[in-house]
Amino acid sequence: HDSHAMEFMELTSLSEGGSSVVLLDAEVVMKTQAQVAVYECEEATTMPEGILQITSHRICWLREDRQAAFSLSLQRVAHFAPFDARFNWRRASPKLDVYVLSPAGTREERFLRFSFRNGGRDDMLTELTKAISVGAWKRVAEESSKRTPAVDRERHGVGISGLIRKAESESRERDDTLAEAFTSLDSLMALAQPLVVLSRRLAAAADNGDELGKHNDLQVAMLQIGIANPVTKDAAGQMFHEELARQLADFSEQQLAASPGNMITLPDLYCVFNRARGTELISPDDLVRACSLFERLGLQVRMRRFPSGVLVVQSSRESDEHLSKKLLAHIRQHGPQSALQVSLGLGMAVSLAREQLLTAESLGFLCRDESIEGLVFYPNEFPSFNLMEHVVR
């Protein structure tokens with residue numbers, strides 16, 4: 001029911017945070033533009049305005065509410081051209097026509113028209129031209145068919161010596177790819193997709209205990225690139241903070257799963273997120289602005305400020321009562337605890353442990369003993385205490 005125009009495009013899965021479609025291997029988002037309407041040829045569709053993304057492999061269109069997404073493979077694009085209305089051109093939105101290859105045996109000319117209600121057509125046209133000229137979607141197929149097992153046997157031989165030569169050859173190819181990519185910005189852009197795939201393979205090799213690349217500082221650096229397709233201001237434009245919030249939410253969920261209490265302080269998140277982004281660093285202000293959009297966008301995490309001023313990101317599904325019960329169980333098992341002891345026992349920052357203890361106290365789960373030795377928390381037994389049972393008669 002979404003539109004007749006979507007016959008040209010395939011229904012596509014969205015990432016959990018909705019920052020983009022689920023990307024293919026070696027696929028990267030090149031440009032994002034909001035407030036783009038879709039036409040089938042010259043007929044307006046029933047689809048509302050949405051978000052257009054140009055990737056290295058596809059043209060993607062996302063509904064504004066992120067409830068659905070559609071994509072058109074670049075290999076199905078016959079040609080494309082800007083369209084400007086002949087009449088009333090001053091008020092008309094700039095448009096881009098993308099012509100789709102007709103089915104075999106037909107001469108029907110079919111095209112999708114994208115109307116840019118908030119500008120940005122020329123930038124999208126530039127990125128689409130780049131994507132088509134690079135032809136990244138072709139590279140995967142070419143590389144997979146470049147060698148056959150017979151060719152490999154002929155090239156490397158058989159037996160143990162053949163396996164050793166093959167491993168050495170693959171290692172040299174990896175080194176050559178890394179070295180060539182970092183010689184200049186132009187070559188880096190041209191080899192962006194292979195580098196993404198290579199970084200994932202190196203990370204997988206490290207996870208499996210493989211010694212591959214540990215002697216090479218450049219390969220070690222590649223292992224630290226945890227986000228293959230970081231949102232950038234150049235690609236996202238006016239939507240940068242919204243798209244950053246969605247990507248940050250996806251990333252935070254992975255971090256929170258390994259964090260006690262499903263909570264991480266903003267300084268800690270800033271460090272691990274920037275490390276995962278590699279060279280595409282963001283400022284502290286960008287991080288705070290993105291985190292402040294979590295709840296408005298209906299994402300799975302939220303930013304919270306404790307009374308002391310400590311800022312954290314936590315799962316939207318986690319409640320203070322649930323966290324307080326966890327702390328109560330920990331203290332019942334290990335005895336009275338200070339913030340430092342909880343920090344060491346649960347593996348969290350001291351500031352975070354203190355805030356969670358104070359929250360549990362305010363909810364009545366814990367009570368305090370404050371002395372010259374410091375602040376220590378005990379299980380709060382006062383609600384169940386019956387004074388009459390202890391009165392001496």
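The values are calculated or read from the model by the stated rules, or taken from the named source; none is laboratory data. All values derive from a computational prediction rather than experimental measurement. Ideal geometry is used to build each Cβ from the backbone, glycine not excepted, and the neighbour counts take in all protein chains shown. The area values use the complete protein model at the heavy-atom level, side chains included, leaving out ligands, DNA and RNA. Shrake-Rupley method; radii C 1.70, N 1.55, O 1.52, S 1.80 Å.
The table below gives the values:
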quantity: Which numbered condition GLY105 misses (of (1) on the phi > 0 side of the Ramachandran plot; (2) modelled with pLDDT of 85 or more); calculated: (2)
quantity: Identity of the residue in the stretch 278-291, open to solvent by 40 Å² or more (accessible area, probe 1.4 Å) and touching a residue at least 40 places away in the same chain (Cβ under 8 Å), that ends up farthest from the chain's Cα centre (by Cα); calculated: ARG289
quantity: Residue selected from the stretch 335-347 under the condition surrounded by 21 or more Cβ atoms within 10 Å (Cβ to Cβ) and not β-branched (Val, Ile, Thr), by the criterion nearest to ALA257 (Cα to Cα); calculated: ALA339
quantity: Residue list for the stretch 292-315, restricted to those being open to solvent by less than 60 Å² (accessible area, probe 1.4 Å), part of a loop (DSSP other than H, G, I, E, B) and polar (S, T, N, Q); calculated: GLN300
quantity: Selection count where residues are of a type in the set (Gly, Ala, Ser) and modelled with pLDDT of 90 or more, scope the stretch 259-294; calculated: 3
quantity: Residues (touching a strand residue (DSSP E or B) at 6+ places or on another chain (Cβ under 8 Å) and either in a helix (DSSP H, G or I) or open to solvent by 20 Å² or more (accessible area, probe 1.4 Å) (or both)) located in the stretch 249-271; calculated: ALA249, SER252, GLU253, GLN255, LEU256, GLY261, ASN262, LEU266, LEU269
